[in-house]
Amino acid sequence: MGTHALYEPLAEIVGSKRVTDEKFALWAVYIDSGIERGNIADIVVKPQTTEEVSRILKLANQTKTKVTVRGGGSGMPGGCSPSTPGGVLIDTTDMNKIVEVNEDTFAATAQAGVTHGALLEVIHGKGLDCCLGGHGIYSATLGGSVANLTYPIGGARYGAFGEEVLCLEVVLPTGDIIRTGSDATTVGGRFHRYGAGPDLTGMFIGDQGVLGVKTEVTIRLHLPPEAREFETYCFKTMESGTKAAMDLQKTSVIYDGYIVVGRHSVKQMAIRYPAIPEGTEALVMICIDGDKETIGHTKMKLDKIAKREGATLIGPEPARSPTYDLMGDHASKVRSYGVSGPINGFIPTYKLPKVAREVEEMISQHQDLMLTQPDTGMKSFLNAALMMKGPVVNYAMRPSFVSDPPEKREQAVDFWHELVKYIANQGSCPYWIGKAWTPYLTPLYRKEYYALFKALKQNVDPNMILNQGLFLFR
């Protein structure tokens, strides 16, 4: 039995086993995988259905109680815990049912708490494939990937994860339930995003949960490729590597691509891959896929483009892990030894040398705060970007910092905020925003954009209860 005033009403909605105000449970969900500190909610509730979410939000409106929504917690910007202490935290991980895999419409629908790994297991069992989103890779949830507009594996082909979303079921902060895309009509069904009116699906993608709770997500399915090939191109300068990357992006045939820039960052890669030539300043690592008849021809075409800018080819191995697993094993090691903070955002590819040099200079002045992995000696940060569709990269640097003694950790957090502010002011479009980016992104909004956003929020959330402190803090 809980002591919070809303314990009994919430238990009536979801059952007593799925609501608690015990301290250990509140602490278990107060932070995500990043460096940003969270705040403690008053009570945690774990709904299993859209109707339960609706009733929870209606109760919150009646009692004027703030609500924070949490997915799997594999993100890193601090958006899934309260901005200020207290309120109700909705943990969506019990919303874990796969609703439908439709092989006629090539669309799959699942509840928001379903992980990408769980969905892939079912889809692969049917001989199908889909975009794998989230830096949590298999553990990331669909709802979190939508709310955070995450970068997916295969971003050079798919773009941001939101581009693969067809329809959404969303509970508005008032408790009203809406469906978007082709499912907006009573006869449409879930098969297409556009054409039934304004693209309201897009309104909820990347909203950090401030406009509504995503309860079901419908994504596009694909046939798996017959084959994949990888290649690693080494360049003597960041400029030549960046020019080659832009030319490679223009071909629109790359499945995934990863760029490491700057001599220091390349040297960290060379610890693992000694075939990287001395003096290399940029690595471009790509993955291409398709049918066996054409993949070889495509590879030769890309090799030719890279060689025009003086590339040295060293084979598939350096490219295999980062372009298909987002360096998952490396990130896991980093998090074992220290604390990691995201510096992420979409920027034009041509800006990469400037941004990389300036970030590397900033980091060089704070070496005492940077983590060295005891098992490899590798510094944990890489000045890196992932290719997107078109001449855009996701500048997705993951510096990690020492966490002991405590005063060093606080200095590291302050420096991390310097980096976030710097990237924001380069015109970056971040996808992970949360508490980390809000103070730096929102002041940069054009006043008309901010006014429209705020009016939209006030219309769907008149009591301003949902995910307070994100975006709209002016």
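The values are calculated or read from the model by the stated rules, or taken from the named source; none is laboratory data. This is a predicted model, so every value here is computed, not measured. Glycine gets a Cβ as well: all are built from the backbone with ideal geometry, and neighbour counts include every protein chain shown.
Go through (1) surrounded by fewer than 22 Cβ atoms within 10 Å (Cβ to Cβ); (2) modelled with pLDDT of 95 or more; (3) farther than 25 Å from M370 by Cβ one by one and return the number of the condition D289 breaks.
Against the list (1) surrounded by fewer than 22 Cβ atoms within 10 Å (Cβ to Cβ); (2) modelled with pLDDT of 95 or more; (3) farther than 25 Å from M370 by Cβ, D289 comes up short only on (2).
List, please: which pairs have Cβ atoms under 6 Å, are six or more places apart or on different chains, and start with a residue in the stretch 248-266 that is under 14 Å from E281 (Cα atoms) and end with one that is of a type in the set (V, I, T) and surrounded by fewer than 23 Cβ atoms within 10 Å (Cβ to Cβ)?
V266/T280
Report whether or not K421 is among the basic types (K, R), under 18 Å from I343 (Cβ atoms) and either surrounded by 24 or more Cβ atoms within 10 Å (Cβ to Cβ) or at pLDDT 90 or above (or both).
Spelling it out, K421 is indeed among the basic types (K, R), under 18 Å from I343 (Cβ atoms) and either surrounded by 24 or more Cβ atoms within 10 Å (Cβ to Cβ) or at pLDDT 90 or above (or both).
If Y151 meets every condition in (1) in contact with a His (Cβ under 9 Å, 6 or more places away or on another chain); (2) at pLDDT 95 or above apart from one, which number is that one?
Checking Y151 against (1) in contact with a His (Cβ under 9 Å, 6 or more places away or on another chain); (2) at pLDDT 95 or above, the one that fails is (2).
Run down G34, G2 and say which single residue is assigned to a loop (DSSP other than H, G, I, E, B), of a type in the set (G, A, S), crowded, with 22+ Cβ neighbours inside 10 Å and in contact (Cβ under 8 Å) with a residue 12 or more places away in the chain.
G34
Looking at the stretch 106-121 only, could you name the residues that are crowded, with 18+ Cβ neighbours inside 10 Å and either closer than 19 Å to R179 by Cβ or of a type in the set (D, E, K, R) (or both)?
A107, A108, T109, A110, Q111, A112, G113, V114
Give me the residue from the stretch 140-190 that is hydroxyl-bearing (S, T, Y) and more than 12 Å from the chain's Cα centre (by Cα) and, out of that set, surrounded by the most Cβ atoms within 10 Å (Cβ to Cβ).
The residue in question is T180.
Under 9 Å between Cβ atoms, which residue pairs at least 6 apart in sequence (or on different chains) link something in the stretch 301-314 that is free of Cβ contacts under 8 Å to residues at least 40 places away in the same chain with a partner that is hydrophobic (A, V, I, L, M, F, W, C)?
Taking only residues 6 or more apart or on different chains, the pairs are K307/A244; K307/L313.
Test S240 against the stated conditions and say whether it is of a type in the set (S, T, N, Q), surrounded by fewer than 23 Cβ atoms within 10 Å (Cβ to Cβ) and in contact with a Gly (Cβ under 6 Å, 6 or more places away or on another chain).
Against the criterion (of a type in the set (S, T, N, Q), surrounded by fewer than 23 Cβ atoms within 10 Å (Cβ to Cβ) and in contact with a Gly (Cβ under 6 Å, 6 or more places away or on another chain)), S240 qualifies.
Return the pair list, or none, for Cβ contacts closer than 6 Å from residues in the stretch 212-228 that are part of a loop (DSSP other than H, G, I, E, B) to residues that are of a type in the set (G, A, S) and surrounded by fewer than 24 Cβ atoms within 10 Å (Cβ to Cβ), at least 6 apart or on different chains.
P225/G290
Kindly indicate which of H135, H124 is farther than 14 Å from E216 by Cα, assigned to a helix (DSSP H, G or I) and assigned by TED's automatic domain parsing to the domain that holds D207.
On inspection, the qualifying residue turns out to be H124.
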